[in-house]
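First up is the structure itself, then whatever we jot down about it.
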Amino acid sequence: GIMKCSPDHGLLVSESMLVALEELIQASEEDEGVPVILVCGPKNTGKSTFNRYLINLLLNRLPSVEYMECDIGQTEFTPPGCVSLSNVTEPILGPPFTHQQTPRKMVYYGQTSCEQDTERYLDVVKCVFSSYKKEVPLVINTMGWVKGEGLLLLIDIIRLLSPSHIVQMDVYDWKAMAPLTPEYVHLTPGLYTKGKQQAKCQQMGTSGAEHWKPAEGEGDASVPEYKLLYVHPEFPRAGVAVHSGILRDMSILGYLGQLQSPDVGAVLPLHSLVPYQVPFNAVALRVIHTDVAPTNIMYAVNASWVGLCRIPEEIRCQTDGPVLLTQTPVCDCLGFGIVRGVEMEKKLYHILTPVPPESLRLVNCLLLGNIAIPNCVLVGQQAVEGEIPYVTSDYNYSILGSGKLKKKKHFKRREYAFECDFT
């Protein structure tokens with residue numbers, strides 16, 4: 001139930017947070033009433049808490065609020081690694097793993113950080129944002145990566161999404177990032193977009209950049225129009241790192257909980273659930289985060305977490321597969337599953353998923369990313385005897401070449417194509 005708690009245990013709302021909330025609620029009550037609110041700031045400054053509180057306040061006045069998740073490492077309504085657009089109609093009263101839901105639009109990026117392929121990340125954000133109809137207010141959550149290239153990427157996102165309000169959160173008086181004023185965003189180049197070059201500084205006895213003035217004809221005509229709201233969180237442990245990996249695992253477990261019966265009883269181990277059988281040539285396959293030789297692709301896919309996606313192109317393969325994509329598509333993700341087994345003789349994938357059959361009929365692509373199945377799923381299954389496959393504790397990461405290869409993809413991507421494995 002709900003009960004009154006002491007100030008030491010309740011939600012501590014700072015004065016700046018109250019001012020920002022009042023401003024945003026007022027904007028939603030105006031004639032147009034469809035503000036696009038982008039929330040940004042460093043990690044662990046309370047962005048998610050602010051978003052939940054804001055959405056709950058808006059739901060007191062509106063039947064629904066749109067929420068766009070751009071933080072692929074700490075997602076609110078989906079498993080990690082996704083950019084999504086959700087229609088929220090009920091208050092958010094718990095952490096993400098307590099309210100997993102099917103979004104209105106979702107694209108699987110496949111990693112918890114976009115540093116390796118920022119161009120595809122922007123393509124994904126643009127694809128998801130295109131589904132927003134501007135009928136109700138939109139709250140946009142962004143990543144806590146706000147240093148170096150992360151700040152430049154954030155500037156690109158602001159230019160791409162054109163928010164009406166930006167809520168900037170920082171617990172350390174803007175040491176992590178500069179105030180994102182419209183003028184700052186107007187002048188600063190992003191990672192892929194160009195900023196308006198500063199006019200020549202007029203020397204006034206000093207050479208400081210604070211004394212520059214725009215030249216004639218370079219007024220504020222093209223300066224982005226949004227209201228910047230500063231929020232200084234004052235809750236205990238603000239700015240302190242949390243175990244984000246645990247929260248991601250909990251979101252995956254919350255999603256897999258849909259496989260269990262709603263009746264109260266013992267939790268069934270995954271190996272006792274009946275999987276779907278999917279022919280190799282019925283779906284295309286792509287490993288997102290690394291290059292895998294076609295001869296090893298099934299070793300990578302087996303016992304893995306995969307996105308169940310839909311690409312517009314028809315799967316064309318004259319053999320019984322598998323069908324491999326040469327490029328990663330930006331496409332709709334309808335849900336997720338675990339590849340429980342790969343049957344090479346019959347050319348079948350065995351997939352466990354809570355996605356309903358009517359949606360599974362639309363799936364024609366499996367995307368394998370860098371999102372791992374929680375360890376407890378692999379090692380904590382009941383009635384398993386002997387050695388557990390794909391699990392080891394005897395591994396020395398100090399050996400040269402034992403870890404995975406990290407690479408940044410700065411080359412322009414080609415259109416993806418199909419490739420049939422005839423071996």
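The values are calculated or read from the model by the stated rules, or taken from the named source; none is laboratory data. Keep in mind that what you see is a predicted model, and the values were worked out from it rather than measured. Note: ideal-geometry Cβ built from the backbone for every residue, glycine included; neighbour counts use all protein chains shown.
Among the residues of the range 115-134, none qualifies, meaning not one is farther than 22 Å from I166 by Cβ and in contact with a Pro (Cβ under 7 Å, 6 or more places away or on another chain).
Considering each residue of the range 109-124, count those that are touching an Asp or Glu at 6+ places or on another chain (Cβ under 9 Å) and closer than 28 Å to P356 by Cβ, and give that number. Residues meeting the conditions: 2.
Pick out the one residue from V185, V223 that is assigned to a helix (DSSP H, G or I), under 39 Å from the mean Cα position of the chain (by Cα) and modelled with pLDDT of 50 or more. Before the answer, list the steps.
Numbers: V223 fails: assigned to a helix (DSSP H, G or I).
After ruling out the rest, the residue left standing is V185.
Contact annotation: no residue pair with Cβ atoms under 9 Å, 6 or more positions apart or on different chains, pairs a residue in the range 305-321 that is farther than 16 Å from N370 by Cα and in the same structural domain as M106 (by TED's automatic domain parsing) with a partner that is of a type in the set (D, E, K, R) and at pLDDT below 90.
In this structure, G335 does satisfy being among the small types (G, A, S), outside any helix (DSSP H, G or I), assigned by TED's automatic domain parsing to the domain that holds V287 and buried (at least 18 other Cβ atoms within 10 Å of the Cβ).
Looking across the range 280-295, just one residue is small (G, A, S), surrounded by fewer than 22 Cβ atoms within 10 Å (Cβ to Cβ) and not in a helix (DSSP H, G or I), and that is A293. Inclusion of S84 among residues that are in a loop (DSSP other than H, G, I, E, B) and within 27 Å of T290 (Cβ to Cβ) is not warranted.
Selection within the range 227-249: residues that are assigned to a helix (DSSP H, G or I) and surrounded by 16 or more Cβ atoms within 10 Å (Cβ to Cβ). The member of this set that is modelled with the lowest pLDDT is L247.
Quick check on S84: is it surrounded by fewer than 22 Cβ atoms within 10 Å (Cβ to Cβ), in contact with a strand residue (DSSP E or B) (Cβ under 8 Å, 6 or more places away or on another chain) and among the polar types (S, T, N, Q)? The answer is no for S84. Of everything in the range 112-134 that is assigned to a loop (DSSP other than H, G, I, E, B) and touching a Ser or Thr at 6+ places or on another chain (Cβ under 9 Å), the residue that is nearest to R52 (Cα to Cα) is T112. Taken across the range 311-323, residues that are among the hydrophobic types (A, V, I, L, M, F, W, C), assigned to a strand (DSSP E or B) and either modelled with pLDDT of 95 or more or crowded, with 18+ Cβ neighbours inside 10 Å (or both) do occur, with at least one present. In summary, Y121 fulfils each of the numbered conditions (1) farther than 20 Å from G190 by Cβ; (2) under 13 Å from the mean Cα position of the chain (by Cα); (3) hydroxyl-bearing (S, T, Y) with the single exception of condition (1).
Taking the criterion of being among the hydroxyl-bearing types (S, T, Y), under 25 Å from the mean Cα position of the chain (by Cα) and surrounded by 16 or more Cβ atoms within 10 Å (Cβ to Cβ), the only residue of the range 344-376 that qualifies is T353. For the range 88-111, a residue qualifies if it is outside any loop (DSSP other than H, G, I, E, B) and surrounded by 17 or more Cβ atoms within 10 Å (Cβ to Cβ), and the qualifying residues are V88, P96, F97, K105, M106, V107, Y108.
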